[in-house]
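Colleague: For reference, the structure I am asking about is given below.
The values are calculated or read from the model by the stated rules, or taken from the named source; none is laboratory data. Quick caveat, the model's predicted, so the values are computed rather than measured. Quick reminder, even Gly has a Cβ in these numbers, built from the backbone with ideal geometry, and neighbours come from all protein chains shown. Side chains included, ligands, DNA and RNA excluded: accessible areas come from the protein's heavy atoms. Shrake-Rupley method; radii C 1.70, N 1.55, O 1.52, S 1.80 Å.
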Amino acid sequence: MKNNKNIVVLGAGESGVGAALLSQHKGYGVFVSDFGKIKENFKAELIENNINYEEEQHTESTILNADLIVKSPGIADTVSIVKKALSLKIPVISEIEFAGRFTKAKTICITGSNGKTTTAFLTHHILSNANVNVGLAGNIGKSFARQVIKDEKDVYVLELSSFQLDGMYDFKADIAILLNITPDHLDRYEYDMQKYVDSKFRICQHLTKADWFIYNADDPIIMAEVAKRNIVANKAPFSIKTTENVAGYINNNNQLIINLKPELIMSIHDLALKGKHNAQNSLAAGIASKVLEIRNETVRESLQDFKNVEHRLEFVGKVNGIEFINDSKATNVNSTWYALESMENPVVWIVGGIDKGNDYDSLIPLVKEKVKAIICLGEENDKILEAFTGVVDTIVEAKSAYQAVTYGYELAKADQTVLLSPACASFDLFESYEDRGRQFKKAVRSL
């Protein structure tokens, strides 16, 4: 790219501002346009760096004069300004694609409908403990673009959503991890599951024989797609159901085994993260670390002492024997299924928000077994009420985190759990899933 290029960045969140700063650093002309209101901290950063921007509008004449558009993952391709840009053959790419052009560091790229964040943090934790010079970016923390301005890392662990993958064309992973594929974000994929599956499999694009593809052999969608595709990378499937033809597995003696030399063996009871889904996350992170030749001792110790991330099955506190758990990051049904599956005590379940085309049928057996009451936390609860009326005797509706927590405290008894695991996006009552989780925690601490 020549340095007289005009770059327009659509969206002024962390990824957008990171892309703008990187553009400026590389000597490009850059303009930032956000159709919403820009948060004050990001606006201050743009002003401080003399980057031109606009908010609450998209000025077409400026945007469509771009040589390249870097688009926030939150902006759909169906948005008018994006469609116009594409019709004019202006390249529209993701911040990850853009940042990837300015680093030669190794990348471990992680995607899946569920478990991405945990696996990314866990992989980063292992590599950090091994004294690898490693960065963590993508869907979490500081943007990849911001980090490659100085580009001081040897390895980046990138958590990638399907939306980020959609805007990636030349970018490739050195180690690609695909955890699972279940229906999610189908509203962005014309309710066509294959389009969502194809999006996830972009994680494999451009993989060479020198690269690695780590994937879940227990996931029927993934296995069907792998059989259809010509993936030339080294394949390292993992499983908690079979020990045959896999690189990592859980055996009948409850041992986690990774059979990349030297073989790693440890008890699943020593894993910091509990539950079947976390055994899969631990296998994926462990295999990636072994591919990078991290010592068994370091992998084992790191899997034992890892602390889970905020808003993912996060223990908040116990009040009069009632446990409160914040799983606000569970924004789809499958993620909530994993949360309920790992609960050992009777549950008062807080659910609801913006429905992304959810089908709650898969939850019904677990709900019958574990849930004693439901608290709907959302503007529109009809679908949840329809799904669970008759399955659970007590269902109430709340319009704030404080009200939901108060109901939870009243409905639960000692040695029971109030679980916030919404299975929905947060944007009806909250700014984000983080805002929802923090308001939940604040309400628990006020009891």
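Colleague: With a 1.4 Å probe and all protein chains in place, put Met266, Met193, Met223 in order of accessible area, largest first.
Modeller: Ranking Met266, Met193, Met223 by accessible area, largest first, yields Met223, Met193, Met266.
Colleague: With the calculation restricted to Cα positions, what are the radius of gyration and Dmax of region 314-362 in angstrom?
Modeller: For region 314-362, the Cα radius of gyration and maximum Cα-Cα distance read 11.9, 37 Å.
Colleague: Shifting gears a bit: Under a 1.4 Å probe, what is the accessible area of the chain per residue, stated in Å²?
Modeller: In whole numbers, the chain has 43 Å² accessible per residue.
Colleague: Tally up the carbon and sulfur contribution to the accessible surface of the chain as a whole percent, 1.4 Å probe, everything protein left in place.
Modeller: 48 percent
Colleague: Moving to a separate point now. In whole angstrom, how long is each semi-axis of the equivalent ellipsoid of region 233-283, when you take the square root of 5 times every eigenvalue of its Cα gyration tensor and sort them from largest down?
Modeller: With the √(5λ) rule applied to region 233-283, the semi-axes are 17, 12, 10 Å.
Colleague: Using the reciprocal of the averaged 1/r over all distinct C-alpha pairs, how large is the Kirkwood radius of region 162-260 in Å?
Modeller: 14.5 Å
Colleague: Hey, another quick one. Summarise the long-distance tail of P(r) for region 365-431 by giving the % of C-alpha pairs beyond 19 Å.
Modeller: 30 percent
Colleague: Would you work out the Kirkwood radius for region 52-99? I mean one over the mean of 1/r across all pairs of different Cα atoms, in Å.
Modeller: After inverting the mean inverse Cα-Cα distance, the result is 11.3 Å.
Colleague: Treating only the Cβ atoms of Lys and Arg (+1) and Asp and Glu (-1) as charged, compute the dipole magnitude of region 1-152 about its Cα centre; round to the nearest 20 debye.
Modeller: 500 debye
Colleague: May I ask which residue of Leu22, Gly138, Gly100 lies farthest towards the positive end of the charge dipole of region 1-138, with charges of +1 (Lys, Arg) and -1 (Asp, Glu) on Cβ and the Cα centre as origin?
Modeller: Ranked along the dipole, the leading option is Gly100.
Colleague: So what's the projected area for region 1-62, the Cα convex hull averaged over all directions, in nm²?
Modeller: Here the figure is 3.9 nm², rounded to one decimal.
Colleague: Follow-up. At 4 °C and a viscosity of 1.567 mPa s, what translational diffusion coefficient does Stokes-Einstein give for region 72-171, taking Rh as the Kirkwood radius over Cα pairs? Give it in µm²/s as a whole number.
Modeller: 90 µm²/s
Colleague: Can you check what the Kirkwood hydrodynamic radius comes to for region 293-447, Cα pairs only, in Å to one decimal?
Modeller: After inverting the mean inverse Cα-Cα distance, the result is 15.7 Å.
Colleague: If I take all pairs of Cα atoms in region 180-228, what percentage of them are more than 17 Å from each other?
Modeller: Of the Cα pairs, 38 percent sit more than 17 Å apart.
Colleague: While we're looking at this one, here's another question. For a quick check of understanding: with a 1.4 angstrom probe and all protein chains in place, what accessible area in square angstrom does Ser113 have, to the nearest ten?
Modeller: 10 Å²
Colleague: What is the magnitude of the charge dipole of region 102-238 about its Cα centre, with +1 placed on the Cβ of each Lys and Arg, -1 on the Cβ of each Asp and Glu, and no other charges, expressed in debye to the nearest 20?
Modeller: Approximately 380 debye in magnitude.
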